[in-house]
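Notes for the one structure printed next.
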Amino acid sequence: MHKSLLLPALLLSAGLVAAQTAPPGKIKVKTKSGRAAAGAAAPVPTPPAPPAVDWSTTYAATITPEALKADLSILASDEYEGRETGKKGQKMAAEYISKAFAAYGLAGPVKDSDNPYIQHFTMNRTSVDPASGITIKDKKYVLGQDFYVLQAGELAAGPTPLKPTFAGYGIETTGYAELTAATAAAGPKADLVMLLGEPKTKAGQPLAAVSGPGGKPSRYGAPGLPGMFARNADLRKLAPRTTIFIAPDAAAFAQAPKDYARLLGRERLTFADAAASAPSGTTALLLSPAMGAALLGTNATGLAKYATAVGAAGKPVASPFKPVATATAQVMLKKEPFVTENVLGYLEGSDKKDEVLVLSAHYDHLGLKDGVVYNGADDDGSGTVSVLAMARAFTQAKKEGHGPRRSILFLANTGEEEGLLGSQYYTDHPVFPLANTVTDLNIDMVGRVDSLHQGKGDYVYLVGSDKLSQELHLLSEATNTVYNPIALDYKYNDPNDPERIYYRSDHYNFAKHDIPIIFYTSGLHPQYHQPTDDVDLIDFPAMARRDHLIFHTAWAVANRDQRVALTAKSAAPAYAPAPADLARYAGSYASAQMPIKITVTAKGSSLQAEATGQPAFDLTPVSAGVFKFEQAGVEMTFDSAKPTFTLKQGGGNFVFTKE
């Protein structure tokens, strides 16, 4: 499952967004069986009596814990190296899945491919170039040895002279304020230099002005990312061009590869045909103490004297440093094209074969990090082997004369962990017309029992079943009542749930094309996106029970007389803005509250926006001047008289003005 999405508007940079996301703590919730949390008005219909021979039961029984484990023990083994998009392990997994589809008797539906089961597409992998460097006076400092790039930002546009301004410890509190004054002195496009850690007394205790009484360390003194994040809110408001952090000592700098692992070496994947955008936003750098001292025109002794003076005064003191006037940063980006692939297996239906049901899961995961394999047994090895099991069951049914009326596409997506990329590519380049695609049943992380259901594995979370088609939702619930019911939990279906799971897996790319979906998951757990997400933690009997329900639901969708219908309210947009208004809203916007720009363009009957360092995203018109990007919980309200808009996200309000 993809990490939750936030625009960089809420943090210093997009790179810091992903680093902060963590599995949720325990949340008290009522498990509701047979009722949508959203409150479906219509009662669940009485299901029809099953036929004398219920073939759905016959073939669901072929999905066994033993068979699921056999596939998962291969795909989630160390040999597959975490299946990172575009890397060796992902390609091994694609080959395994395609060979399995062929062995089952599925057709390969991809035309003009060297393998009809494979949908190839090209992407670019962008990262900080190791050749990046910073020159101070006549000395060149080396990336990875003297400094690290935590966020490329605006400096990636080319060689850039730095105008460093010392901002002390980068702290802005009621009793200890130095950031605002430093930024005001530097003027616009400030390159702020600050010491990490926190000021201390001669006795080595944190200053009371920062930490409060009691001498306990403050959040600013936390090592690594937490200490940096403590400064984010204030830095956002000041919108510097560059934030330059100096490690508190050599030992702390030596720990940087571990402490900042989630930011260092990050790669951004984009489609090869995506329009290029100029680098923008705040650059974040981490310097060794020796390099930081050189930038400030001093040495280790000078830094130590400054720290002593602050401790003695108990408050900020005037800077004794004269930062160098001849420093140039050359932060370069390296772009590497590569090919990745979705894997497709097709089972042709009978009298309704032109209509297609999709059963999907993503088979990619996070790969290798510092030599450690992130196997992704649950995320989403569990969904992948579930799709394989259902492919076996449906093909066996057809071979024995009980095949589905509608065709079924078994779709294993790549690139989900990088932003739902594989499913986006498929829905932008569908092998079968989207107009003929009746439903997507998407499976992601169905192999565990979360903290809310300990000891009760007979449950599954359903998300999105009632978003587009109340008919699909009622079919789902009726199916569950017939076949050895399990608890259907709609906690994550709540539009106000902070995890926003509806937008975080591949079904969303079908839903945004008005294709009804159901997303199945067993929920998050402490091993989510950790190297400990391994096969030995999977509850295979619970997983098989969930797969039986999904199979029965797929059987019902594939064999009913009429395709599931969209709910009338979702058949057309509620509001269509005038073309003249769209043209007026278009432009490049900046905010004094944060170091990003947002470019707004008219696209069809709505708008598209692109924030600094992020892919473009489509906005949905809600009412006059109001547009939303539901995937990230963003609302943009354009002023009717001024060239501004207010962006609302996560309880924050940020005003942007057209440049």
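The values are calculated or read from the model by the stated rules, or taken from the named source; none is laboratory data. It should be emphasised that the depicted structure is a prediction, and the values quoted were computed from it without experimental measurement. Heads up, the Cβs are rebuilt from the backbone with ideal geometry, glycines too, and the neighbour counts pull from every protein chain shown. Side chains are part of the model used for accessible areas, which takes the heavy atoms of the whole protein and leaves out ligands, DNA and RNA. Shrake-Rupley method; radii C 1.70, N 1.55, O 1.52, S 1.80 Å.
Just one of the listed residues (A318, A313, A304, A309) is open to solvent by 60 Å² or more (accessible area, probe 1.4 Å), under 25 Å from A209 (Cβ atoms) and among the hydrophobic types (A, V, I, L, M, F, W, C), namely A318.
Any residue in region 260-288 that's on the phi > 0 side of the Ramachandran plot: show its pairings with residues that are surrounded by fewer than 18 Cβ atoms within 10 Å (Cβ to Cβ) at Cβ separation under 7 Å, as long as the two are six or more apart or on different chains. Short answer, once both residue conditions are applied: G265/S127. Residue check: is G265 open to solvent by 30 Å² or more (accessible area, probe 1.4 Å), over 25 Å from K163 (Cβ atoms) and part of a loop (DSSP other than H, G, I, E, B)? Considered against the rule, which asks whether it is open to solvent by 30 Å² or more (accessible area, probe 1.4 Å), over 25 Å from K163 (Cβ atoms) and part of a loop (DSSP other than H, G, I, E, B), G265 comes out as yes.
Evaluate the following for K111: is it assigned to a helix (DSSP H, G or I) and within 30 Å of A397 (Cα to Cα)? Judged against the criteria, K111 is not a match. Contact annotation: residue pairs with Cβ atoms under 6 Å, 6 or more positions apart or on different chains, pairing a residue in region 543-555 that is of a type outside the set (S, T, N, Q) with a partner that is assigned to a helix (DSSP H, G or I) and open to solvent by 10 Å² or more (accessible area, probe 1.4 Å), are A544/P65; H552/T479.
Would you be able to say whether some residue in region 467-481 is within 26 Å of G349 (Cβ to Cβ), in contact with a Ser or Thr (Cβ under 7 Å, 6 or more places away or on another chain) and of a type in the set (G, A, S)? Yes, region 467-481 has at least one match.
Restricting attention to region 484-502, which residues are more than 27 Å from E416 (Cα to Cα) and open to solvent by less than 60 Å² (accessible area, probe 1.4 Å)?
Quick first cut of region 484-502, residues more than 27 Å from E416 (Cα to Cα) only: 484-487.
Those that are more than 27 Å from E416 (Cα to Cα) and open to solvent by less than 60 Å² (accessible area, probe 1.4 Å): I486, A487.
How many residues does region 612-648 hold that are open to solvent by less than 60 Å² (accessible area, probe 1.4 Å), under 16 Å from the mean Cα position of the chain (by Cα) and within 22 Å of I501 (Cβ to Cβ)? Selection size over region 612-648: 7. Can you confirm whether region 195-217 contains a residue that is open to solvent by less than 30 Å² (accessible area, probe 1.4 Å), at pLDDT 90 or above, closer than 23 Å to A152 by Cβ and touching a helix residue (DSSP H, G or I) at 6+ places or on another chain (Cβ under 6 Å)? Yes, that holds for at least one residue. Do we find that V193 is assigned to a helix (DSSP H, G or I), closer than 21 Å to A313 by Cβ and either touching a residue at least 24 places away in the same chain (Cβ under 8 Å) or of a type in the set (D, E, K, R) (or both) in this structure? No; evaluated as a whole, the condition is false for this residue. Could you check, for region 65-83, whether at least one of its residues is at pLDDT below 55 and on the phi < 0 side of the Ramachandran plot? No. Of the strands (runs of 3 or more DSSP E) that lie entirely inside region 298-381, those containing 1 or more residues that are in contact with a helix residue (DSSP H, G or I) (Cβ under 9 Å, 6 or more places away or on another chain) and charged (D, E, K, R) span 333-347, 352-362, 367-369. None of A107, A60, A131, A156 is open to solvent by less than 30 Å² (accessible area, probe 1.4 Å), modelled with pLDDT of 95 or more and of a type in the set (A, V, I, L, M) except A60. Among the residues of region 405-412, some residue qualifies, meaning at least one is closer than 20 Å to L269 by Cβ and small (G, A, S). Kindly evaluate T180 against the criterion of being open to solvent by 10 Å² or more (accessible area, probe 1.4 Å) and among the hydroxyl-bearing types (S, T, Y). So T180 fits the description; yes.
Consider region 526-582 and keep the residues that are at pLDDT below 95 and touching a Pro at 6+ places or on another chain (Cβ under 6 Å). The one that is most open to solvent (accessible area, probe 1.4 Å) is Y575. Taking region 279-322 as the region of interest, how many residues are among the hydrophobic types (A, V, I, L, M, F, W, C) and over 23 Å from T135 (Cα atoms)? Within region 279-322, residues that are among the hydrophobic types (A, V, I, L, M, F, W, C) and over 23 Å from T135 (Cα atoms) number 8. Among residues of region 571-591 that are at positive phi and assigned to a loop (DSSP other than H, G, I, E, B), none has a beta-carbon under 6 Å from a residue that is at pLDDT 90 or above and not acidic (D, E) at least six positions away or on a different chain.
I'm checking my understanding of the structure. Among residues of region 415-456 that are part of a helix (DSSP H, G or I), open to solvent by less than 20 Å² (accessible area, probe 1.4 Å) and touching a strand residue (DSSP E or B) at 6+ places or on another chain (Cβ under 6 Å), which one is farthest from E267 (Cα to Cα)? Among those that are part of a helix (DSSP H, G or I), open to solvent by less than 20 Å² (accessible area, probe 1.4 Å) and touching a strand residue (DSSP E or B) at 6+ places or on another chain (Cβ under 6 Å), it is H453. For L235, state whether it is open to solvent by less than 50 Å² (accessible area, probe 1.4 Å), under 23 Å from L295 (Cα atoms), modelled with pLDDT under 90 and touching a Ser or Thr at 6+ places or on another chain (Cβ under 9 Å). Considered against the rule, which asks whether it is open to solvent by less than 50 Å² (accessible area, probe 1.4 Å), under 23 Å from L295 (Cα atoms), modelled with pLDDT under 90 and touching a Ser or Thr at 6+ places or on another chain (Cβ under 9 Å), L235 comes out as yes.
Scanning region 204-221 for residues that are in contact (Cβ under 8 Å) with a residue 24 or more places away in the chain and assigned to a loop (DSSP other than H, G, I, E, B) returns a single hit, L207.
Each residue in region 619-645 was checked for being among the acidic types (D, E) and in contact (Cβ under 8 Å) with a residue 40 or more places away in the chain, and 1 of them qualify. Starting from region 405-426, keep only residues that are on the phi > 0 side of the Ramachandran plot and modelled with pLDDT of 95 or more, then list their pairs with residues that are crowded, with 23+ Cβ neighbours inside 10 Å and of a type in the set (A, V, I, L, M) whose Cβ atoms are within a distance under 6 Å, requiring at least 6 positions of separation or different chains. What qualifies is G415/L421.
Within region 355-373, track down each residue that is surrounded by fewer than 24 Cβ atoms within 10 Å (Cβ to Cβ) and more than 21 Å from R560 (Cα to Cα).
Step one: of region 355-373, the residues surrounded by fewer than 24 Cβ atoms within 10 Å (Cβ to Cβ) are 355, 366-373.
L366, G367, L368, K369, D370, G371, V372, V373, listed by residue number.
Going by what's in this entry, would K99 be described as surrounded by fewer than 19 Cβ atoms within 10 Å (Cβ to Cβ) and either assigned to a helix (DSSP H, G or I) or at pLDDT below 95 (or both)? Write out each step before concluding.
On the way: surrounded by fewer than 19 Cβ atoms within 10 Å (Cβ to Cβ): yes; either assigned to a helix (DSSP H, G or I) or at pLDDT below 95 (or both): yes.
Yes: the conditions hold for K99.
On inspection, T270 qualifies as surrounded by 18 or more Cβ atoms within 10 Å (Cβ to Cβ), among the β-branched types (V, I, T) and within 22 Å of the chain's Cα centre (by Cα). Just one of (1) in contact (Cβ under 8 Å) with a residue 60 or more places away in the chain; (2) open to solvent by less than 60 Å² (accessible area, probe 1.4 Å); (3) under 30 Å from S132 (Cα atoms) fails for G376. It is (3).
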